[in-house]
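Data first, discussion second: the structure below is written as structure tokens.
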Amino acid sequence: MRSPHPVLTALTLLLAGTVLAGCANTPSSPELTTPDVLYLNELQHGDVDSHPIDIRIARGRDTCVSLDKRATVPGAVNALRRDFFPDQASVVVIAAIRHYCPHHHGLLTVPQRG
């Protein structure tokens, strides 16, 4: 496997440090892992940052558990609608797959028509 581009790796680490520093002063901040930081960053870019960090992380991890149990992507999005608007729920599911359960990345691929 090819090693990642050094500049991309450096930018990712810088971004992770910046996000972690911003969360350090929050009294109830959970201990964040690298996947947590990347996931939260993607949610922030998708305008899904109004919920507490622990809720956002829990919903992302719950999404992966649901997908592990054979839930569909639309089903996972629908399950999040009690906490998020539909467009936000889509961002949560995509970010969760990318950062918490990349083994489900194939679920994001649109089949080719032949």
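The values are calculated or read from the model by the stated rules, or taken from the named source; none is laboratory data. These numbers were taken from a predicted model, which means no experiment stands behind them. Please note: Cβ atoms are built from the backbone with ideal geometry, for glycine as well, and neighbour counts cover all protein chains shown. SASA here: full protein model, heavy atoms, side chains in, ligands and nucleic acids out. Shrake-Rupley method; radii C 1.70, N 1.55, O 1.52, S 1.80 Å.
Only residues that are assigned to a helix (DSSP H, G or I) and out of contact with any His (no Cβ under 9 Å at 6 or more places or on another chain) were counted in the range 64-84, giving 11.
I need a count of the residues in the range 23-36 that are farther than 13 Å from residue 98 by Cβ and modelled with pLDDT of 95 or more. Break it down stepwise before answering.
Residues of the range 23-36 that are farther than 13 Å from residue 98 by Cβ, as a first pass: 23-33.
Applying the additional criterion that residues be modelled with pLDDT of 95 or more yields 32-33.
Total satisfying the criteria: 2.
Does at least one position in the range 58-66 carry a residue that is at negative phi, over 10 Å from the mean Cα position of the chain (by Cα) and modelled with pLDDT under 95? No: zero hits.
Just so you know, in the range 85-103 the residues that are in a helix (DSSP H, G or I) and open to solvent by less than 30 Å² (accessible area, probe 1.4 Å) include one that is farthest from residue 53 (Cα to Cα), and it is 97. Residue 105 satisfies every condition listed in (1) in contact with a helix residue (DSSP H, G or I) (Cβ under 7 Å, 6 or more places away or on another chain); (2) within 18 Å of residue 44 (Cα to Cα); (3) not β-branched (Val, Ile, Thr) except (2).
Could you pull out the residue among 82, 70 that is on the phi > 0 side of the Ramachandran plot, open to solvent by 80 Å² or more (accessible area, probe 1.4 Å) and without any contact (Cβ under 8 Å) to a residue 12 or more places away in the chain?
Testing whether each residue is on the phi > 0 side of the Ramachandran plot, open to solvent by 80 Å² or more (accessible area, probe 1.4 Å) and without any contact (Cβ under 8 Å) to a residue 12 or more places away in the chain leaves just 70.
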